[in-house]
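This report concerns only the one structure given below.
Just so you know, all these numbers are worked out from the coordinates, no wet-lab data involved. Small disclaimer: the values here were computed from a predicted structure and weren't measured. Cβ atoms come from the backbone with ideal geometry, glycine included; neighbour counts cover every protein chain shown.
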Amino acid sequence: MRDFVLLYVNGVEHQVSGDDAFLSLSDYLRYSLNKCGTKVVCAEGDCGACTVFLGRLNAPKSGIEYIPVNACIQYMYQLDCTHIVTVEGLKVDGDLNRIQQSMVDCHGAQCGYCTPGFIVAMCSLFEQCDKGEKSCNVTRQEVSDALTGNLCRCTGYEAIIKAAMSVDEKEYKRLDNLYPSQTLISAFKKHHDEPVSVKGEESEFFKPTDVKSAVEYKSNHPGVVIVSGGTDVCVNLNKGRIEPKNIMVLTHVSGLDELKTSGNTVEVGARVSLRKLEEFFQETLPEFHHILWVFGSPQIRYAGTLAGNIANGSPIADSLPFLFVSGAEVEVAGLKGDRRIKVNQLYSGYRKMVLTDDEIIVKIHIPLPAKSTKLKLYKVSKREHLDISSFTAAISLERDGDKISNAQVAYGGVAAVVLKLSKTEEFLNGKPFSLDTFRGAGEVAMKEIMPISDVRGSKDYRLQLAANIMEKFYFETADEKELVCP
Ligand SMILES: Cc1cc2nc3c(=O)[nH]c(=O)nc-3n(C[C@H](O)[C@H](O)[C@H](O)COP(=O)(O)OP(=O)(O)OC[C@H]3O[C@@H](n4cnc5c(N)ncnc54)[C@H](O)[C@@H]3O)c2cc1C
Ligand code: FES
Ligand code: FES
């Protein structure tokens, strides 16, 4: 068993052990390595000031895939066999790279505190940009999408967007050219499948490489905190809400990163990132793709997982209403073997799942809706991106001529858990597809939920949404000729 975390920072190898293995990446960079270009503002993944590149072996293990992550919510124990590139490491032969120079030329920084994070997020856009043309520039929409996870309080976004749009893709030197990948690939291939355990003064972490040892460790260490992408757990660590003695990271458990379609079902491994899912569903299921696109920010989606969203069990978790109405199941592994549980039967109370102490989620099975299914997913929040939902909903049904059949309705943000509204479904089934029907269903839905008032919305607001969303569904899915306007 290895007793240190192996990682590279800007091309230099580091072996991290003892208490340093329990630091956030941003603290490690700033205080252990003196790389102060990485800034910390919110320490909860919300502002992007701490954005750095995280490189790891790609799926065929033939190259390094670089993703932008928030260093404040990545902890060192998650980073075995990774290459971290900070804003300092983006320079080319000691000079600012093309994007850094463009930020200077376009006056993209005033206090400059947000600037390193913006630079990394922009470079990430150029890392993915490959239009195969002789020369090309990124579009305004592409820049805006890439920067949804970065906040600037003093410059104003126009200059920053202009800085990105002024760069020709061909002028950007990619990380694979800055850091030739052969050394990294061979080091990571050699050490990737080694389990790691590090003891600090107060905590211990374990990185298993197979499901069996993960399950055994969980069963032998009651209260162990599982860390996957860490986008929920690490915020809680930073806020001092949890102080775990034992931590288990799932980053290298084999078999958990598979994403495939099997018949009519999509199988999502527990380590598949939300970003991979977003790409996957773009063509097959645009409704769910949209929910994933407005989920957090690119930095959050590259790190976070669907399994983490499910296991976190928040009543406003954005993926849950769809998983409830689609009949999705989680596959869990435990000492007694594997079993499958319907997502809508997974929760026994506020953030409580019905898993036993040894079980972990290994896969999610999502049946794809039939072509004839009318499906709509809703996220109501104050901002389109990077915002926590006040209310979420999924409505799905079939039409048998004029009549409604197989209605499935789930609402989030209206009780301690996401609710499947069985009375509303019963009301809709067999009724004509009409505005009156959906108005009636809205009234039934209001009686089935128990919302509370909090910072994201009052009880009355949520009750009204529960009714209005039914009408919205009607107007969005009715054929034009049958539309009745009030
Ligand atoms: C800035 C920011 C924005 C966000 N925006 C959104 C948003 O728009 N919508 C939304 O719904 N959420 C949002 N989140 C919450 C979070 O990103 C999601 O819940 C994400 O899906 C969590 O995945 P993860 O892999 O990072 O989970 P982690 O933080 O690693 O884990 C979350 C929980 O799941 C458990 N867990 C993880 N994997 C497993 C497993 N395989 N088996 C058993 N238990 C497991 C962990 O122990 C922990 O309790 C946001 C968070 C941040 C910080
Ligand atoms: S400091 Fe704000 S996202 Fe990390
Ligand atoms: S330049 Fe000051 S916060 Fe962006």
Looking at the square roots a ≥ b ≥ c of the eigenvalues of the Cα gyration tensor of segment 90-171, which shape do they give, rounded for a/c under 1.5, prolate if a/b is larger than b/c, or oblate?
-> oblate
List the aspartates and glutamates whose Cα lies under 17 Å from the Cα of K162, skipping any in the same chain that are fewer than 8 positions away.
-> D105, E142, D145, E171
Per 10 Å bin from zero, what fraction in whole % of the C-alpha pairs of segment 180-255 is there, up to the bin with the longest pair?
-> 18, 44, 28, 10, 0
Count neighbours as other Cβ atoms within 10 Å of each site's Cβ, and list the GluC sites (Glu not before Pro) in segment 91-198 that are DSSP loop with at most 11 such neighbours.
-> E133
Nearest-0.05 FRET efficiency for A370 and I185 at R0 = 45 Å, using Cβ-Cβ distance, is 0.55
Want the number for K403 to N34: 0.36 nm per residue separation, take away the alpha-carbon distance, what's left?
-> 126.2 nm
Note: I242 to S62 extended length (0.36 nm per residue) minus current alpha-carbon separation gives 61.0 nm
Give me C50, C234 ranked fewest to most by other Cβ atoms within 10 Å of their Cβ, as a rough exposure proxy.
-> C234, C50
Are there trypsin sites (Lys or Arg not before Pro) in segment 80-155 that DSSP puts in a loop and that have at most 12 other Cβ atoms within 10 Å, and which ones?
-> K131, K134, R153
Which length gain, in nm to one decimal place, applies between E426 and E283 when the Cα-Cα distance is subtracted from 0.36 nm times their residue separation?
-> 48.3 nm
Which one of P367, H289, G457 has its Cα pushed farthest toward the positive end of the charge dipole of the chain, where Lys and Arg give +1 and Asp and Glu give -1 at the Cβ?
-> G457
How big, in percent, is the set of alpha carbon pairs in segment 409-486 lying more than 15 Å apart?
-> 55 percent
Could you sort out which of K352/K472; K207/K363; K352/K423; K239/K352; K207/K352 sit more than 27 Å apart by Cα distance in this structure?
-> K352/K472
Treat the count of other C-beta atoms within 10 Å as a stand-in for reagent exposure and order L259, L306 from fewest to most.
-> L259, L306
HN-Hα J couplings of segment 386-403 from phi, Karplus 6.51/-1.76/1.60, θ = phi - 60°, integer Hz, Gly and Pro as x?
-> 6, 9, 7, 5, 8, 7, 9, 8, 9, 10, 9, 7, 10, 10, 10, x, 7, 8
If the convex hull of the alpha-carbon atoms of the chain is projected onto planes in all directions, what is the mean projected area in square nanometres?
-> 24.3 nm²
Taking the alpha-carbon set of segment 259-367, what are its Rg and Dmax in Å?
-> 13.3, 38
Report the label-to-label distance for R2 and K382 in nanometres (one decimal), using points 7 Å from each Cα along the Cα→Cβ vector.
-> 4.4 nm
³J(HN,Hα) computed for each position of segment 143-160 - Karplus, 6.51 cos²θ - 1.76 cosθ + 1.60, integer Hz, glycine/proline x = 5, 4, 4, 5, 9, 5, x, 10, 10, 10, 9, 10, 7, x, 7, 4, 5, 5
Can you work out the PRE-style zone for N177? Point 7 Å along Cα to Cβ, and I want the residues of segment 58-88 with backbone N under 20 Å.
-> 63-68, 85-88
When a/c is below 1.5 the answer is rounded, else prolate if a/b is larger than b/c, else oblate, so apply that to segment 349-415 with a ≥ b ≥ c taken from the square roots of the Cα gyration tensor eigenvalues.
-> oblate
Greater than 18 Å apart at Cα, pairs in K376/K420; K371/K431; K212/K336; K276/K420; K91/K170 = K371/K431; K276/K420
Placing +1 at every Lys and Arg Cβ and -1 at every Asp and Glu Cβ, with all other atoms neutral, what dipole size does segment 1-110 have around its Cα centre, in debye to the nearest 20?
-> 180 debye
Ranked from fewest to most other Cβ atoms within 10 Å of their own Cβ, E480, E44 fall in the order E480, E44
